[in-house]
Structures are given as structure tokens and as C-alpha cells.
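Accompanying notes for the structure given below.
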Amino acid sequence: MRQKGLRTKETWVNRASTVTGALDRSAVTSWVRGRGVYVAFVALVVFNLAITPNFASVATLSNLLIQVSPVVLVSLGVALAIGTEGIDLSVGSVMALASVFLPLYIGYGWPVGIFAALLVGAMAGLVNGSLVAFVGVQPIIATLAMLVGGRGLAQIFAGGQLLIVSDPAVLALGQARPFGIPAPVIVATVAAIVVGFLVKRTTFGRYVVAIGGNRSASYLSGHPVRRTLLAVYAISGLLAALAGIVATARLGASDPSNIGILIELSAITAVVVGGTPLSGGRVKILGTVMGALLIQLIATTFIANNLPFTWAQVFTAAIILVAVYLQKGRGAA
Amino acid sequence: MVTRPADPETANGGDAVWRERLFETLQRRGAVVVLLIVIAASALTFDNFFTAQNLQNIVLQGAFLGLIAVGMTFVIISGGIDLSVGSMLALGGVLAAQIVQVSWPLALVLPLLVCGLFGLGQGLLIARAKMAPFIVTLAGLLGIRGLALALAGERPIGISGESPFAWFGQGQVFGLAVPIVFMVVAFVVGGLVLVRTSYGQIIFAIGGSEESARLMGLPVDRTKVIAYTVSGTLAGLSGALLAARLSAGDPNAGLAWELDAISAVVVGGTLLTGGAGSISGTFAGVLLLSILQNLINQVGTLGSYTQQLLSGFFLIVVVLAQAFLTRKRIY
């Protein structure tokens, strides 16, 4: 891993220059590079405070957070997959699958419905994970097949129609506001904290990063590579299912042809903009959450100022390119 | 397409050699074999499958995807990926529909030029700035779709049926629909370039090992830039032809076509890791996807989602076969 070696050297050089007290320009750019997503986010918030009418209101904030919740949930799993030098393209279809299983089993009570939805998500993740870990299929292809096939399966289970969900306990997951905080936001926050803890504080997290750095080396060091990969994709499926449940609860219906469509692109964007390199070996959970918030904020900014929404897409694309170009200097692109 | 010299071990029938042989044959011809089986089975099952009209319909359905898949094959063999083609197709269609009111020949040229330029830009970012193809073209997917939507005001732009431009989508040459002719030319030229020119060989070399290709002094950067430029141009052409066919430039056209194109290429036996693959395989892959759609229409009672399920299934079977036959040590 020549790139990784270069990176180590660079940080080492930077540290040396800070020690000598010379906070030169390269140290500043390096600091910005590492925290580009926060800088961009703060800049956009300041811009909005100055320009956008009614931006600093509870309604705007809670709308922003509610809309971003499913993306955050899905991005957390994708971040783990990308950390192992993989990817999970199937998250949107897994959302649709979970969304269909919820109303199918809710007749047995809401806990059964939610359990079935989470189970089908984890199963889909396990299928992805087995293909990646045991068969050696490239993650992009394994999850591409699930992306294409999963939504078809969801539509078959739904019989090609919208299934209404009216159970109050499930609807609360999408619409309740305990202590004034929308439930989806709470779910996403808890999930982010749990995944962040997994990555930072557990051996599992260290294995994820080690596999992303170098899969063979990790295996030779005696790490449980296959089990870890299996777990990563299962967690990603589970989180996608959770996102599917939340989205279904907000909608009050399961819509397998539209739920979570193209969300994999938003998730990958959030992860990459947040500073997790596609080449694996590093996972930034807080960065991922900020990346998701940044993208949503861009969309909100354009809508709130009556600018055509499609230009927001173009702007997001530019942000991705700039973010990745800046990271490149750190050997992370 | 690696032609190996006769291996002395073959005589002993070593298991590994046998497996490698089988894999190579399957990888190169597997899609064609499956295609023939599917055609034969469908011809026996459905009365009006094997009619000239239906066969032409199948090929016509695949023509637009086929044009994209040719460019995608080059990109994937070189070890890259191009996710932006679906959006490029939409942009090409919108541009064609807008410019056709001014001058119809320009409607055929401008989409190719603009999409080619976008492809060139992506290629430069990938080859010169050393950014990951996945990310650059993902940004392309988002940005170019946004551009197409913005240009079209988020709704389809109609093309008058009397315009000579409509001929490129609806006309016929020797009884063949014009888009089919374009696709066939693209496949023949693409196949020849890939196998018979040094450019094609360099593509294989880069996909095999970019580092080695560079050390051999091959023009790696230039070759990659050209591959992405061609991919963009072909997507633009496909978009213009599709607009002529449908008499409208739809900014939502080609949604998720990048996935179909990648599926067709992979089903056709091209390795996503690069370095191996063929244009003929891609042709078979495109036709397979197209026949699948046609069969589902023939049955009539199945929803369009059955096609997604079957495509996903096809993809996984092919990839599993590839993985088992090339079984290396997996950690």
C-alpha cells in the first residue's frame, strides 16, 4: 500500500513543522483538508443566516433533520462497507424490502412487523456479505445484483401496490415528537452514536479499518476477516431496514417502487464528502453525518431561495469533486 | 482475450489447468451460449417470438443500451467505470430536441460534442488528477442529470415528426431500423479496435496492471482519457437517437441505465476488475437483457419488476460462475 505509506510520511512531516512552531501555509491547508466538510457546512449555515429568510427557525431546522434522517441511517452502513474497501449499493432496495415486510407482518402486532422488516434487511445484508466474504465477489457487483433484484423482490411481495400502514405505534416512529424532537432524528442520532462507538471503541471497529487497509495482511495477522465482513454488510442491511421503517412510518404507507430510490448515491456522497476514502482503511462517522447534513442543507438552500432545485444537484456534484480532489493530497482519493 | 501458448501441463490434465481452460471458454463464449439457449427455448415456447418483426423489436430495444455498453466495455476493461452514461444520454436527448428547431444536422452533432466534452473532462480528472473513476463519474451522474433537467425545464421537449431528424430514430435502411444500424456499426468498430489495434491492446494492458503498463512506456493517461471521451460521446449519440425515436428529448430518460449497461458488460464476461473481456460478449449481454424484457412482455401477466428480479438473478449467476471457476485464495 504505497499510498498509505506516503500519507503517513506527510502527517509526520506536518507534525514536525508544528513542533518547530512554524505554522506555515501547508499546515493550514492540511487542517482544512481534514475538516473540509465542517468548514463547508459552517460556511453554508452562515450564508443561509445572512440570505435565507426564516432560516433560523425551529421549523426549518426540524424539517432539515427529519429529511436527512434516513440518509444518515443508510450512510452509516455504507461508511462501514467503504471502510473495508467495499461498498453497499443495495441500501435503497433493502429499504424497499423492509418497507414491504412491515405491513405484511404487522397483522401479528407491531413488534412482529418491525422485527420482520429488520430481519429481512439483515438477511439481505448477510447475502451481500456472504458473496463478498466467502465467494470473493466484488462488493460493487454483489450489491449491484441486490440493488437490481431486491427492489423487484419487494414489488413482487407487495403485489405491485401501495400497502397502507395505520398502526399507531409504527406511525409514531415517523411522526411523534418526544420532548419536541422528531422521532426519526432520535433514531438516526442513536444509530450514529452506536456505530461511532463500534468504530472507535471496539475490536470490531479496528478489524473493519484493518481489512480496509489490507485484507490479506489483516487475515495473516489472525483477524476474523470473513466474520467481520459478514457483520459489516449485515449491519448495513439492518440500518437500511431501519431507514425503510422510518420512511414508511413517515409516509403511512409502503411504496416499494419509490422508497429509497437512488439513496445509495446520496449515501456514498455523504460518506466520501465526510472524509472516508473510497480506498478504505478509515471510517469517519461524524464526518459522514456532517456530509449528509451538508447535502441536505444545499438542497434546502436552493429550495428556500426559490432557485431551481436541479442546480442544487449540479452544485452537489461540484462539491463532491472538490472534496475528493482536496482529500487526494492525503493519499485518500 | 488472451491467447495462451500450448501448455505442456494440459496433456496431464491438471485440475487447475482444466478449470482455467473451462473458465476462459465460458468467460469468452458463456454469454453467447446462454443467449442461444434462451433464444431456442423462447422460440419453442412462444409462437410469435421467432418472427422477423419481434426479433427486430428486440434488437431495437437493445440498440440504445448497446451503444452505451460499447463505451462501457472499453472503460471497464481498462479497470475503470463510467456511472455517468445514463445522465449523458438524457443530456444528449435534451440538447438534440432543443437544437433541432434551429438546424437538424446540428441536432446530431451537438449532443455528441457536448457529451464527448464532459467525457473528456471526466477522463482528465481520472487520468491526470488521479481521482477515483467511481467518484468522478458519480459526480457526473448527479451533475449532468441536474444540467439536463435544468436545460429542459424539468419536462420533455417535443420534436416535430416532420423534421428530417426524426428519420434517425424512426427511419429504415434496407429494412433495418436506423438505431440498429448505428448500434451494429458501433459494435463492429468497437470490436475491431479492441482486438486489432494497439489502442485496444493498451486498454487490456492498463486493466491488467496500470503500473506495469506505465513502466512499459505505454501512453496510459491518453488511453484512459480517450476511453472516457468515447463513452460520453456514445452516450450522447444514444440519447440523440432515442430522442429522435420517441419524438421527444426527455431529461428523465436513461435513469439507472448505467446499471443496465454495467450488467450487460459483466454478464458478457468482462471482468469488473479489468484486463479481460470482449465486445462480442457485451453484445450478447445486451441482447439477453433485451430478450428478457421481451419475454416478460410476451407473457403479459408478469409485472415489469419481474425483469429486475431476473436481471439481478442473471447477474449473480454469472458472477458466481466466474468466482467459482477462477477460485483463488480468498481471505
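The values are calculated or read from the model by the stated rules, or taken from the named source; none is laboratory data. It should be emphasised that the depicted structure is a prediction, and the values quoted were computed from it without experimental measurement. Note that we place each Cβ from the backbone using ideal geometry, even for glycine, and neighbour counts take in every protein chain shown.
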When you look at A:Thr248, is it on the phi < 0 side of the Ramachandran plot, more than 11 Å from every other protein chain (Cβ to nearest Cβ) and surrounded by 24 or more Cβ atoms within 10 Å (Cβ to Cβ), yes or no?
yes
Out of everything in the range A:200-217 that is away from every other protein chain (no Cβ under 14 Å) and among the charged types (D, E, K, R), what residue ends up being farthest from A:Gly83 (Cα to Cα)?
A:Arg201
One residue from A:Ala192, A:Ala172 being part of a helix (DSSP H, G or I), at pLDDT below 90 and among the small types (Gly, Ala, Ser):
A:Ala172
Any residue in the range B:258-274 that's closer than 14 Å to A:Leu89 by Cβ and within 11 Å of another protein chain (Cβ to nearest Cβ): show its pairings with residues that are in a loop (DSSP other than H, G, I, E, B) and at pLDDT 85 or above at Cβ separation under 8 Å, as long as the two are six or more apart or on different chains.
B:Glu258/B:Asp82; B:Glu258/B:Leu83; B:Glu258/B:Ser84; B:Ile262/B:Ile81; B:Leu272/B:Ile81
Inside the range A:182-196, the number of residues satisfying the requirement of being touching a residue at least 12 places away in the same chain (Cβ under 8 Å) and either within 14 Å of chain B (Cβ to nearest Cβ) or surrounded by fewer than 14 Cβ atoms within 10 Å (Cβ to Cβ) (or both) is 0
Hey, among the residues in the range A:197-227 that are charged (D, E, K, R) and more than 21 Å from A:Leu131 (Cα to Cα), which one's surrounded by the most Cβ atoms within 10 Å (Cβ to Cβ)?
A:Arg206
Could you say whether any residue in the range A:274-286 is buried (at least 20 other Cβ atoms within 10 Å of the Cβ), away from chain B (no Cβ under 14 Å) and closer than 23 Å to A:Ala247 by Cα?
yes
Quick one: would you say A:Val112 is farther than 20 Å from A:Asp255 by Cβ and in a helix (DSSP H, G or I)?
yes
Scan the range B:289-324 for residues that are within 23 Å of B:Gly269 (Cβ to Cβ), crowded, with 17+ Cβ neighbours inside 10 Å and either modelled with pLDDT under 70 or at the interface with chain A (Cβ under 8 Å from one of its Cβ atoms) (or both) and report the count.
11
So for the range A:262-275 (the condition being more than 24 Å from A:Gly86 (Cβ to Cβ) and assigned to a helix (DSSP H, G or I)), does at least one residue qualify?
no
Keeping to the range B:255-284, report how many residues are at positive phi, buried (at least 24 other Cβ atoms within 10 Å of the Cβ) and modelled with pLDDT under 85.
1
Any chance you could count how many residues in the range B:228-286 are more than 27 Å from B:Ala166 (Cβ to Cβ), part of a helix (DSSP H, G or I) and of a type in the set (S, T, N, Q)?
4
Could you tell me whether A:Val120 is at the interface with chain B (Cβ under 9 Å from one of its Cβ atoms) and farther than 24 Å from B:Leu292 by Cα?
no
Filtering the range B:127-150 down to residues that are over 20 Å from the mean Cα position of the chain (by Cα) and more than 7 Å from every other protein chain (Cβ to nearest Cβ), which residue is surrounded by the fewest Cβ atoms within 10 Å (Cβ to Cβ)?
B:Arg128
Of A:Ala253, A:Ala243, A:Ala304, the only residue that is in contact (Cβ under 8 Å) with a residue 24 or more places away in the chain, surrounded by 23 or more Cβ atoms within 10 Å (Cβ to Cβ), hydrophobic (A, V, I, L, M, F, W, C) and more than 10 Å from chain B (Cβ to nearest Cβ) is A:Ala243
